[in-house]
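The next block holds one structure in the form of structure tokens; read it before the comments.
The values are calculated or read from the model by the stated rules, or taken from the named source; none is laboratory data. These figures come from a predicted structure and were not determined experimentally. We place every Cβ from the backbone using ideal geometry, glycine too, and count neighbours over all the protein chains shown.
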Amino acid sequence: MKSLMLLLTSVLHDMGTLCCVSTSQDLKTIQARVKHEGISFLTITLPDFAKDFERSLELGKVDHSLFHAFAFRGGLPLFLGGFLDLVFDRGDGRLLAEPSEDAIYAVRQLSLMFGKIKLECRDDRRAAAFAQFIECELDVIKSTGNFLRNDELVHQYQRVSTLLFGHLFDQCTKRLAWLLPKHGPGSTAERLTSNGKYVQTEWTDRLEMLFPHKRYLSSSRELSDLRLTCVNIREPWNERPVRVIDVPKTLKTPRIIAIEPACMMFMQQGLLEIITEELNRDYILKPLLSSLDQIPNQEMARIGSLTGNLATLDLSEASDRVSNQHVRLMLSNWDYLDQAVQAMRSRKADVPGHGVIHLAKFASMGSALCFAFEAMVFLTVIFVGIEQELRRPLTLKDVKRLRGQVRVYGDDIIVPVKFTRSVLMSLETFGFKVNMRKSFWSGKFRESCGKEYYNGHDVSITRVRRMLPTSRRHVDEIVSAVKLRNHLYKRGMWRSVRYLDSLLEDLIPFPAVGELSSALGKFSFLGYQTDKLDSDTQSPVVKAAVVKHRLPVDKLDDYGALLKFFLKREGPEMDLVVNGDHLERAGRPVSVDIKTRFVSSY
């Protein structure tokens with residue numbers, strides 16, 4: 001905690017220097033509040049301050065209903081008042097004609113930097129998150145019933161989705177017979193090891209009807225009967241549920257995800273590969289949505305902040321509010337594809353404290369198909385809203401004209417400002433919850449896919465992801481601190497950089513290195529350090545700390561090893577199979593260490 005306070009003090013000094021304001025009173029406030037509230041002031045209260053600040057930028061003024069945890073003087077909070085005075089008028093709280101972009105960046109950097117630090121939530125907050133998961137399920141059931149009773153709305157949704165995705169679904173249907181499954185890198189509901197997935201002994205009756213296990217769990221039909229006699233084909237009533245867990249997100253609330261059974265994820269990954277490849281071939285859809293590239297969203301957010309013509313929208317509990325009926329209606333004209341998607345969808349979830357429940361949602365985060373289908377559902381609902389604003393049936397010409405103005409990446413949505421109201425109404429009609437505190441269209445602030453802009457200026461911040469290290473044994477913390485230091489260096493935060501340099505130099509050798517070096521080193525505009533030339537390559541090397549990973553022992557042989565070989569795609573994966581020891585060790589590192597040795601300087 002002391003190290004975090006020292007870092008915050010340094011950042012506060014750097015921000016004060018950037019904006020030429022005094023920060024002495026702000027430091028006293030921080031010290032007093034932390035002493036009284038603990039780390040929650042940094043991780044919860046300050047991020048709430050940032051949300052109110054961003055809402056004020058959107059409203060064009062500071063409302064006294066905001067910043068309720070802070071005292072006011074005139075029309076603005078006292079805390080960070082020197083920075084706020086460069087953005088708003090203290091008399092009436094209205095946005096200045098030319099607010100300082102540096103001050104906007106400073107307020108956000110100071111209030112958000114600890115908002116997503118990796119710390120465990122309290123048990124009561126974790127329990128509340130699971131309870132919210134259940135409550136969300138009930139909301140999905142209710143909202144789904146509401147729009148399904150509106151025949152005109154259902155017909156409109158199906159027509160628009162067919163206009164957008166008809167060609168994509170045709171192509172995916174044609175390729176289903178040649179679907180090549182694959183295992184993902186994540187955990188499974190059965191807790192199988194990475195190599196253990198290749199000798200899985202469970203399948204479902206729903207999968208068996210379309211994707212017989214003897215075809216997909218064996219490397220050849222001749223060998224199939226030799227190892228598959230013990231596969232348990234689970235009936236629908238006895239299927240293994242997804243395992244719902246929480247993972248760190250913020251200290252205020254964890255993120256809830258679901259871990260799929262191995263057989264489900266195995267087939268989902270194969271279908272996802274088909275969808276992704278066909279989507280990238282579709283010249284109409286590719287500019288409108290993506291599961292791979294965030295940069296177009298970020299650039300559109302920048303343009304929106306500059307011109308005011310594009311809005312950035314954010315949804316709460318986005319994936320958990322996509323009903324299975326949303327997906328089924330989209331696929332209603334493609335029976336085979338619909339049957340395949342339904343066979344790969346888990347129907348039940350084991351929720352801590354609540355037992356096994358039946359799922360109304362299509363899938364939680366954790367399903368390989370979740371991200372792709374939620375984006376398609378959101379894009380359909382967006383164009384339903386646009387059609388309602390146009391007051392005429394949408395045409396393919398309209399869709400083409402809106403490329404570059406509409407884009408969806410997961411739940412990060414960008415639409416033209418002139419359609420914002422109708423799109424918001426459409427999203428809510430179909431059961432989605434718009435996060436108004438993180439949606440922007442009126443002012444000059446926009447955010448999408450991790451980038452934030454004000455009037456075309458990048459005001460994105462650098463976050464502290466982990467507690468700062470105090471020992472060389474804190475490998476993850478050291479790696480995170482090095483990344484943090486280098487990000488702050490590029491933003492010109494010299495005092496903060498000096499503090500982190502002194503902290504890291506007490507733990508590891510910390511030379512200046514190039515950005516592509518494998519060393520844990522500091523980036524410098526002045527170049528990199530060289531201790532000597534490598535005797536073989538004559539390239540510069542430096543003595544530095546490097547992270548050493550060790551994969552868990554996970555032996556695989558016999559038919560499972562053969563199946564793994566034939567399921568690998570061309571490229572790095574196949575190189576690993578041919579040249580690596582992947583049949584002896586696999587999975588995520590079970591331990592990491594830091595070693596000092598000579599490595600490339602650049």
Limited to segment 258-271, what total is found for residues that are of a type outside the set (Gly, Ala, Ser) and either at pLDDT below 95 or out of contact with any Ser or Thr (no Cβ under 8 Å at 6 or more places or on another chain) (or both)?
4
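Could you tell me how many of the residues in segment 435-471 are β-branched (Val, Ile, Thr) and surrounded by fewer than 18 Cβ atoms within 10 Å (Cβ to Cβ)?
As a first pass, look at segment 435-471 and keep what is β-branched (Val, Ile, Thr): 459, 461-462, 464, 470.
Remaining after also requiring surrounded by fewer than 18 Cβ atoms within 10 Å (Cβ to Cβ): 470.
Total meeting the criteria: 1.
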Total residues in segment 179-213, condition touching a Cys at 6+ places or on another chain (Cβ under 7 Å) and crowded, with 19+ Cβ neighbours inside 10 Å:
5
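Just give me the residues in segment 495-549 being part of a helix (DSSP H, G or I) and of a type in the set (A, V, I, L, M, F, W, C), in sequence order. Give the steps one after another, and end with the answer.
First, the residues of segment 495-549 that are part of a helix (DSSP H, G or I): 495-505.
Once the filter is applied, which keeps residues that are part of a helix (DSSP H, G or I) and of a type in the set (A, V, I, L, M, F, W, C), segment 495-549 yields 497, 500, 503, 504.
Given the criteria acidic (Asp, Glu), in contact with a Leu (Cβ under 7 Å, 6 or more places away or on another chain) and within 20 Å of residue 450 (Cα to Cα), does residue 102 qualify? First the steps, then the outcome.
Values: acidic (Asp, Glu): yes; in contact with a Leu (Cβ under 7 Å, 6 or more places away or on another chain): yes; within 20 Å of residue 450 (Cα to Cα): yes.
So residue 102 passes the test.
Which is under 20 Å from residue 274 (Cα atoms) and of a type in the set (Gly, Ala, Ser), of 196, 145, 184?
On the way: 196 fails: under 20 Å from residue 274 (Cα atoms); 145 fails: under 20 Å from residue 274 (Cα atoms).
One residue alone meets the criteria, 184.
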Tell me whether segment 301-315 contains one or more residues that are touching a Lys or Arg at 6+ places or on another chain (Cβ under 6 Å), under 30 Å from residue 113 (Cβ atoms), of a type in the set (A, V, I, L, M) and surrounded by 18 or more Cβ atoms within 10 Å (Cβ to Cβ).
yes
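From 332, 305, grab the single residue that is in contact with a helix residue (DSSP H, G or I) (Cβ under 9 Å, 6 or more places away or on another chain) and in contact (Cβ under 8 Å) with a residue 12 or more places away in the chain. Spell out the reasoning first.
Details: 305 fails: in contact with a helix residue (DSSP H, G or I) (Cβ under 9 Å, 6 or more places away or on another chain).
Step by step, each of 332, 305 is checked, and only 332 is in contact with a helix residue (DSSP H, G or I) (Cβ under 9 Å, 6 or more places away or on another chain) and in contact (Cβ under 8 Å) with a residue 12 or more places away in the chain.
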Of everything in segment 540-569 that's modelled with pLDDT of 85 or more and acidic (Asp, Glu), which residue is farthest from the chain's Cα centre (by Cα)?
557
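Within 30 Å of residue 248 (Cα to Cα) and either in contact (Cβ under 8 Å) with a residue 40 or more places away in the chain or not in a helix (DSSP H, G or I) (or both) - does that describe any residue in segment 16-25?
To start, the set of residues in segment 16-25 that are within 30 Å of residue 248 (Cα to Cα) comprises none.
No: segment 16-25 contains no residue that is within 30 Å of residue 248 (Cα to Cα) and either in contact (Cβ under 8 Å) with a residue 40 or more places away in the chain or not in a helix (DSSP H, G or I) (or both).
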Kindly establish whether residue 130 is aromatic (Phe, Trp, Tyr) and either buried (at least 22 other Cβ atoms within 10 Å of the Cβ) or within 30 Å of residue 469 (Cβ to Cβ) (or both).
no
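Do you know which residues across segment 43-96 are of a type in the set (Lys, Arg) and assigned to a loop (DSSP other than H, G, I, E, B)? Can you show your working first?
Pass one, segment 43-96, residues of a type in the set (Lys, Arg): 51, 55, 61, 73, 90, 94.
The one that is of a type in the set (Lys, Arg) and assigned to a loop (DSSP other than H, G, I, E, B): 90.
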Mind checking which residues of segment 509-522 are buried (at least 19 other Cβ atoms within 10 Å of the Cβ) and touching a residue at least 24 places away in the same chain (Cβ under 8 Å)?
510, 511, 513, 517, 519, 520, 521, 522
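Search segment 192-247 for residues being among the polar types (S, T, N, Q) and in contact with a Lys or Arg (Cβ under 6 Å, 6 or more places away or on another chain), and hand back the single one that is modelled with the highest pLDDT. Talk me through it step by step, then tell me what you get.
Taking segment 192-247 first, the residues among the polar types (S, T, N, Q) are 193-195, 200-201, 204, 218-220, 224, 229, 232, 238.
Filter once more, keeping what is in contact with a Lys or Arg (Cβ under 6 Å, 6 or more places away or on another chain): 204, 224.
Details: 204: 96, 224: 54.
This residue is 204.
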Just checking, does segment 333-345 include any residue being within 21 Å of residue 438 (Cα to Cα) and buried (at least 16 other Cβ atoms within 10 Å of the Cβ)?
no
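Do you know which of the residues in segment 148-191 that are assigned to a loop (DSSP other than H, G, I, E, B) and basic (Lys, Arg) is farthest from residue 215 (Cα to Cα)? Steps first, answer last, please.
Within segment 148-191, the first condition is being assigned to a loop (DSSP other than H, G, I, E, B), and the residues that meet it are 149-150, 179-191.
Right, trim to basic (Lys, Arg) and you get 149, 182, 191.
Values: 149: 41, 182: 13, 191: 24 Å.
Selected residue: 149.
Does residue 379 meet the test of being within 19 Å of residue 140 (Cα to Cα) and out of contact with any Lys or Arg (no Cβ under 7 Å at 6 or more places or on another chain)? Let's see the steps before the verdict.
Working: within 19 Å of residue 140 (Cα to Cα): yes; out of contact with any Lys or Arg (no Cβ under 7 Å at 6 or more places or on another chain): yes.
The answer is yes for residue 379.
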Qualifying positions in segment 72-126 - surrounded by fewer than 22 Cβ atoms within 10 Å (Cβ to Cβ) and in contact with a Cys (Cβ under 8 Å, 6 or more places away or on another chain):
82, 86, 100, 102
Pairs needed: first member in segment 253-276, under 25 Å from residue 234 (Cβ atoms); second member anywhere, among the hydroxyl-bearing types (Ser, Thr, Tyr) and assigned to a helix (DSSP H, G or I); C-beta distance under 8 Å; at least 6 residues apart or different chains.
266/216; 267/216
